Amino acid sequence: MSEFLPVASGLLLGALLSMLRPSMRLWVAVLLSIVLGFLATVISGEYLLSWEFLLIDIPLVAIATAASFMGMRRLRSSLRQL
């Protein structure tokens, strides 16, 4: 259950990235993946055990962001073909 927050925030971030200019997407995705991964570690209380959980939560947010962004692009292109 503690990995729900990083995955959910990454999916939401990936869906919202398409509203940004292409030149800003990478920078915003990297910055917000770090921030959201940090927040997920703190909110879940994992930081009380070890700050090494950041090494799990930040990449988890980034991977979920990339998957969501690619899924939204594929969905959008398939809807254009209809």
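The values are calculated or read from the model by the stated rules, or taken from the named source; none is laboratory data. Please read all numbers here as calculations on a predicted model, not as lab measurements. Every residue, glycine as well, gets a Cβ built from its backbone with ideal geometry; the counts of neighbours run over all protein chains shown.
Some observations on this one:
- Summed over the stretch 25-60, the residues that are under 13 Å from the mean Cα position of the chain (by Cα) and charged (D, E, K, R) give a count of 2.
- A single entry from Trp51, Trp27 fulfils the requirement of being among the hydrophobic types (A, V, I, L, M, F, W, C) and modelled with pLDDT under 95: Trp51.
Here is a yes/no grid of residues against (1) surrounded by fewer than 19 Cβ atoms within 10 Å (Cβ to Cβ); (2) farther than 15 Å from Met72 by Cα; (3) out of contact with any helix residue (DSSP H, G or I) (no Cβ under 8 Å at 6 or more places or on another chain):
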residue	(1), (2), (3)
Pro6	no, yes, no
Gly14	no, no, no
Met19	yes, no, yes
Ser50	yes, yes, yes
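- Ala67 in contact with a helix residue (DSSP H, G or I) (Cβ under 7 Å, 6 or more places away or on another chain) and modelled with pLDDT of 95 or more: yes
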